[in-house]
Amino acid sequence: MSKLSKILFLLLFPIGIFAQKVTVNGYVKDAKNGETLIGASVFVKELKTGVSTNNYGFYSITLPQGNYNLIFTSVGYERIVKPITVTGTNLTFNLEMKEEGTELSEVVVTSKREDENVKSLEMSVNKVEMKTIKKIPALLGEVDLVRAIQLLPGVSTVGEGATGFNVRGGGVDQNLVLLDDAPVYNSSHLLGFFSVFNPDAVKDVKLVKGGIPAQYGGRASSILDVRMKEGNAKKLEINGGIGLIFSRISVEAPIIKDKASFIVAARRSYADVLARPFLKESQRDNLFNFYDLTAKVNYNINQKNTVFLSGYFGRDVFGQKFSFNWGNSTLSTRWNHVFNDKLFMNTTVFYSNYDYLLDSDAQNKNPKDAFKWSSNIVNTSIKPDFTYYFSPNNTLTFGGQVLTYSFKPGKATVTSSGDKSDLGQPDKNGVEYSAYVGNELKVSEKLSLQYGLRYSKYDYSSKDDVYYERKSVPVSTENPNGIDLDVVKNTKDATIKSYQNFEPRLSVKLQLGEQSSIKSSYNRMSQYIHLMSNTAAATPLDVWTSSTNNIKPQIADQITLGYFKNFGKTGNEFEASIELYYKELQNQIDYADNANLFLNATFEKDLLFGKGRAYGAEFFLKKNKGKLTGWASYTLGRTERKVEGLAQGQWYLSRYDRTHTLNLVAQYELNKKWSFGANFSYVTGVPYTLPEQKIVYSGGYLPIIPQGTRGNIRVPDYHRLDISATKKNKHALFGKGESEWVFGVYNLYNRRNPFSVYAQTNSENSLKTEAVQLSIIGSAIPSITYNFKF
C-alpha cells in the first residue's frame, strides 16, 4: 500500500486498524483541592506517544498489551511516572498531582504542558493561567480577565473604557464569550473598566482566534472560553480581597469529601458609599455601583457520571430617581458521562439573559411625565458533545445543539400629562440548529491533521402581525440612501426566513523537530445575530437583533499560517511564534448617515451592507521560567470594509483598525516575600470621522461631513505604563492562612490617552473650528488591595 493510500485509509476508516487493544482512562486532578486539570499530558514512554486531558480532566489512551511507564506532566505540578501492566482488560487509572515547590510554582507562567505550543495542533490559541493574570498590574488593583487578554497578539479595544474587545479586526459582537458554556453578551462592568468575571471563581481561560474546531460556532471572529472552578473537594477554603472601591469574597468547600463540592463568589463596588459624605444632600441617595454573584456545585456520582450546576448574576446600577441599570444572568447544568473506556459525553443545558432598563422616574410608580425603556436578549439551549478515543493518534468529536433566541430590541413607554404611549421595535424569535463532526489524526511522526464540518440552520420569526421588506426607491430627503420598506402581513411566530450554512474546518501541523513546527488552518464561521451600534465604542444600550429577511448572517472565512519555536537552556524556557492571518467577511453592516437605530421599528432601511477583510502578522515571544517571566507581543494589522454608498464604493478603514499594537508584560520574583509587575502598551489610534467642510453664516458656521465619508482622520496613538508590587505576609486574618498587599499605579506617567476626537466652535472666535480630544483617564491612578486566603 502506498503512503498516500495509507493516509486515505486512516482518514476514511479510523476504527478498524486499532482493534484488539486495551484502553487506559481516568481523571487527573489537583491533589490539594480536587480540581480537575485541563490539558495535563499523559505520555507513554515506550511508545513515544500520548494524549492530553480534556476540559473535564478526563483522558483515554489505547495501547497494545504490555508493560509501560505513563508519564504525567503539567507545568506547575510535580512530574509523576507510573508503571502499569496492560493485559486483556481495560484499566481505569485516576491520578492526583501535587504542585511543585513554592519557589518554582511562583515563576511558572502557564499550567499547560511545556511543549504544547509546538506539538499540539492548536494555533491562534492563547491560554493564560489565573496565577499569571493575577500578577498583571490592573486598574484600581482589580484583577481583570478581559483586560489581560487585551495584552495578547491580535486582541485590542477601540478605547479606554470601551465595552468588550476586538479580535483580528472583528467587532465586539463577533466574539463568543462563554462562562461554563453559557454565552455572556456584555463582558464588562462599569462601562468597560472591569470584566464580569470574578478572578477567585475562574479556573481556566482560553482564547481561540483561528483554527477554530468544529464544536464551536455562532460567531465570526473568536471564542473566549472561561471555565469556573468546581470548588475545593478536600477542605474549606476562603479567598477574598479588599480594595479602594470594591471588595470580593469566595467560599468553597466539600459537600462530600472527594465527591461533591461547591464554590460561591461575590463582588460589590462601593464608590457610591464612600462618596456619600462628600455629596450634596439631594445627591446622597444616588447609586453608582456594580455587583455580581457566581456559584457552582458539582457531584461525582460514580466513575462514569458527574453533574455540575453553575450560575452567574451581575448588574450595574446608576442613578436613583433617573435609573439606568444593566446586567447578565446565566445558568448552566452539565452532565459528564463515560459510556465506555473510549466514549465520553458532556451534555450542557443553559439559560442566558442580558437586559437593560432606563427609567426617568424610578421612584414614582405613577408619574405624570416619564420615560421608561427596556431591552433584552434571552437564550436557552441543549448541547450534547461526544468524544471517541480511537487511539493516542486518533480522536473523533461529534455533537449538536439547539439554541433558541428571544429578542426584545427595545420597548419604551412615554408618559406625558398622565397619558401613556408605546413605541419601539417588534420582538423577534430565532432558533439555531447545528451539528458537527471533527477528527484529530496523527498521520505520522511529523504530520498531524484536524478536520471537521459544522452544519448550521437558522429560523427567524416575529412576534408581530407584520414584518418589513426592503425595496429600492428613488433617492429623496425622506430616503437619502434609496431604500424604503414595504409592510407585509405576518402570522405570529411563523418562520419568515431560514438560512443554512456548511462550515468546514481544517488544521495542519508539520513537526520540524522536537522544538519547532509549522501550522496552518482554515475555518468558516456563520453568525446569525448582530449588534446594532453606530457609536465609536459599544455601549450597554446597543441593540442585539436577529438575522432577518433583510439582514443576512455574517460569514467569515479565515486562513492562517504560523511558525512555532521553543528554545533556551531547558529547551522550553522561551517560546516564540509568528502567525500570518487573512480573513474575509460577508454581509457586514454599516449605517446610513444620521441613522436612527433605537426604538425605531423601521431601522432596517437605515442599514447598509457590504464586505470586509482583515489581514496581518502577529509576533509573540514568551519567557516561561526563572525569576523574570512575561511576554512581548506585536501585531501589524489592517481592517477594512467596502460598502456600497460609502467612501465612493472603495475600501475604507474599519473603526476597529489598529495598524500597530505592541504589548510588553514583565513579572519579577525578587524573593518569597516581594514580587513586581509591569506592562506597557502602545497602539495606533483608531480611525475617526470629522467634518471636512463648513458653511459660514452670520454669527456662526455649520460643519459638514461629505456623505459617505468614513475614517478621514486617526485619533492620536495610545500608550500606557502600569506597575505593581506585591508583598506576601506570613499569615492572613486571625493569624491563619495566607495574605498579601498589592500596590499599583495605573497609567504611571499621566498619559491623557484619547478616546475620541470631535469638532467644536472656538470659544473666542465663533468662525473658527477646533478639534477637541476626549480622554477617559488623564492621570496616574494609584491603588492598594489586601488579598487573603485561608
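Summary table
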read-out	value
Residue that is surrounded by the fewest Cβ atoms within 10 Å (Cβ to Cβ) [pool: residues in region 574-595 that are modelled with pLDDT under 95, assigned to a strand (DSSP E or B) and not hydrophobic (A, V, I, L, M, F, W, C)]	591
Residue in region 645-657 that is closer than 26 Å to residue 128 by Cα, surrounded by fewer than 23 Cβ atoms within 10 Å (Cβ to Cβ) and assigned by TED's automatic domain parsing to the domain that holds residue 575 present	no
Test: residue in region 613-625 that is farther than 23 Å from residue 563 by Cβ, among the acidic types (Asp, Glu) and open to solvent by less than 30 Å² (accessible area, probe 1.4 Å)	no
Selection from region 361-381 of residues that are in a strand (DSSP E or B) and touching a Gly at 6+ places or on another chain (Cβ under 9 Å)	373, 374, 375
Residues of region 68-78 satisfying the condition of being open to solvent by 20 Å² or more (accessible area, probe 1.4 Å) and modelled with pLDDT under 90	73, 75, 77, 78
Cβ-Cβ under 7 Å pairs, at least 6 apart or on other chains, region 605-621 side more than 19 Å from residue 647 (Cα to Cα) and modelled with pLDDT under 95, far side outside any strand (DSSP E or B) and of a type in the set (Val, Ile, Thr)	none
Complete set of residues in region 177-198 that are open to solvent by less than 10 Å² (accessible area, probe 1.4 Å) and of a type in the set (Asp, Glu)	180
Top-ranked residue of region 313-349 - restricted to ones that are open to solvent by 10 Å² or more (accessible area, probe 1.4 Å) and either outside the structural domain of residue 369 (by TED's automatic domain parsing) or among the aromatic types (Phe, Trp, Tyr) (or both), ranked as nearest to the chain's Cα centre (by Cα)	313
Helices (runs of 4 or more DSSP H) fully within region 114-200 counting 2 or more residues that are touching a helix residue (DSSP H, G or I) at 6+ places or on another chain (Cβ under 7 Å) and in the same structural domain as residue 312 (by TED's automatic domain parsing)	130-133, 145-149
Residue 559 at pLDDT 90 or above, touching a strand residue (DSSP E or B) at 6+ places or on another chain (Cβ under 8 Å), among the aliphatic types (A, V, I, L, M) and over 28 Å from residue 327 (Cα atoms)	yes
Any hit, region 17-35, residues being surrounded by fewer than 13 Cβ atoms within 10 Å (Cβ to Cβ), modelled with pLDDT under 85, out of contact with any strand residue (DSSP E or B) (no Cβ under 6 Å at 6 or more places or on another chain) and not in a loop (DSSP other than H, G, I, E, B)	no
Residues satisfying the stated conditions in region 36-65, i.e. over 16 Å from residue 342 (Cα atoms), open to solvent by 30 Å² or more (accessible area, probe 1.4 Å) and in a strand (DSSP E or B)	43
Those residues of region 752-768 which are part of a strand (DSSP E or B), out of contact with any Pro (no Cβ under 7 Å at 6 or more places or on another chain) and at pLDDT below 80, in sequence order	756, 757, 758, 760, 761
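The values are calculated or read from the model by the stated rules, or taken from the named source; none is laboratory data. Since the structure is predicted, the reported quantities are computational estimates derived from the model, not experimental observations. Every residue, glycine as well, gets a Cβ built from its backbone with ideal geometry; the counts of neighbours run over all protein chains shown. The protein model used for the area step is the full one, side chains on, heavy atoms only, and it has no ligands, DNA or RNA in it. Shrake-Rupley method; radii C 1.70, N 1.55, O 1.52, S 1.80 Å.
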